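These notes are about the structure you will find just below.
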Amino acid sequence: LAQLGDLSSLETIGEGAFAGTPLTQLGDMRALTDIGVVAFAYTKLSQLGDMRSLETIGDSAFRNTRLKQLGDLKLLKTISNWAFEYTPLEKLGHMPLLTTIGKSAFEGCEHLEIVHLPKALKYVEKDAFLKCPLGHLTVEPGINFECRCANLTNMLRRQPNIQVLSLIHI
């Protein structure tokens, strides 16, 4: 199993569905709304297909994969704990409805440079961006969220025109 073809009507991928397989690519999954716990963990997955309806990414769903970027996920609301831990991600796409980034969601993503935090964001949990460079961090005007991630807080303090004390609570 190296790739999945057109699964355009699939709505949910369950817990551990493809974990540890040699899967490298995902095809069209435009109806997919939920990806379960460790669904693709420890695979060789390097490319995602169309997931325009995706709302939730479960715990450790893509942990230790080969993903380098996340495309636009316009309906995504939740990135759960350890979801992308230790992946070579470099960039996160547009996620305007994202409200929650879980504990250690991007921990160890040592190439993650491009991140945009949307106004919808409400919670960033502990160590969400631990060991991430976040060199091109942007924040949507009017954002107000609770942040428990020290690395992200420190990066935000370097941003001009952001009052971290009034926006961020550690």
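Screening HIS116 on (1) assigned to a loop (DSSP other than H, G, I, E, B); (2) open to solvent by 50 Å² or more (accessible area, probe 1.4 Å) shows it passes everything except condition (1). Taking the criterion of being surrounded by fewer than 18 Cβ atoms within 10 Å (Cβ to Cβ) and assigned to a loop (DSSP other than H, G, I, E, B), the residues of the stretch 123-143 that qualify are LYS126, LYS131, PRO133, GLY135, GLU140, PRO141, GLY142, ILE143.
Which of the residues that make up the stretch 96-113 are farther than 16 Å from PHE62 by Cα, assigned to a loop (DSSP other than H, G, I, E, B) and polar (S, T, N, Q)? Result: THR99, single match.
Tell me, please, whether a residue that is closer than 16 Å to THR56 by Cβ, surrounded by fewer than 23 Cβ atoms within 10 Å (Cβ to Cβ), in contact (Cβ under 8 Å) with a residue 12 or more places away in the chain and of a type outside the set (Ser, Thr, Tyr) can be found in the stretch 81-89. Yes, because at least one residue in the stretch 81-89 is closer than 16 Å to THR56 by Cβ, surrounded by fewer than 23 Cβ atoms within 10 Å (Cβ to Cβ), in contact (Cβ under 8 Å) with a residue 12 or more places away in the chain and of a type outside the set (Ser, Thr, Tyr). For LEU75, the criteria (1) part of a helix (DSSP H, G or I); (2) among the aliphatic types (A, V, I, L, M); (3) within 13 Å of the chain's Cα centre (by Cα) hold in every case but one, which is (1).
Scanning the stretch 39-52 for residues that are farther than 18 Å from ALA128 by Cβ and crowded, with 20+ Cβ neighbours inside 10 Å yields ALA39, PHE40, THR43, LEU45, LEU48, MET51.
Quick grid of which residues meet (1) over 19 Å from THR33 (Cβ atoms); (2) in a loop (DSSP other than H, G, I, E, B); (3) out of contact with any Gly (no Cβ under 6 Å at 6 or more places or on another chain):
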| residue | (1), (2), (3) |
| --- | --- |
| LEU54 | no, yes, yes |
| LEU89 | yes, yes, yes |
| HIS94 | no, yes, yes |
| LEU121 | yes, yes, yes |
| THR153 | yes, no, yes |
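Under 6 Å between Cβ atoms, which residue pairs at least 6 apart in sequence (or on different chains) link something in the stretch 53-79 that is open to solvent by 50 Å² or more (accessible area, probe 1.4 Å) with a partner that is acidic (Asp, Glu) and at pLDDT 95 or above? These pairs meet every condition: ARG63/GLU85; LYS68/GLU90; GLN69/GLU90; LEU75/GLU55; LYS77/GLU55. Residue count for the stretch 23-38 under the criterion of being of a type in the set (Val, Ile, Thr), at pLDDT 90 or above and open to solvent by 20 Å² or more (accessible area, probe 1.4 Å): the result is 3.
In the stretch 134-147, the residues that are over 15 Å from VAL124 (Cα atoms) reach residues that are at pLDDT 90 or above and of a type in the set (Asp, Glu) with C-beta atoms within less than 9 angstrom, at least six apart or across chains, in these pairs: GLY135/GLU113; HIS136/GLU113.
The values are calculated or read from the model by the stated rules, or taken from the named source; none is laboratory data. Quick caveat: nothing in here was measured; it's all calculated off a predicted structure. Reconstructed Cβ throughout: ideal geometry from the backbone, glycine too, with neighbour counts over all protein chains shown. Surface areas here come from the heavy atoms of the whole protein model, side chains and all, with no ligands, DNA or RNA. Shrake-Rupley method; radii C 1.70, N 1.55, O 1.52, S 1.80 Å.
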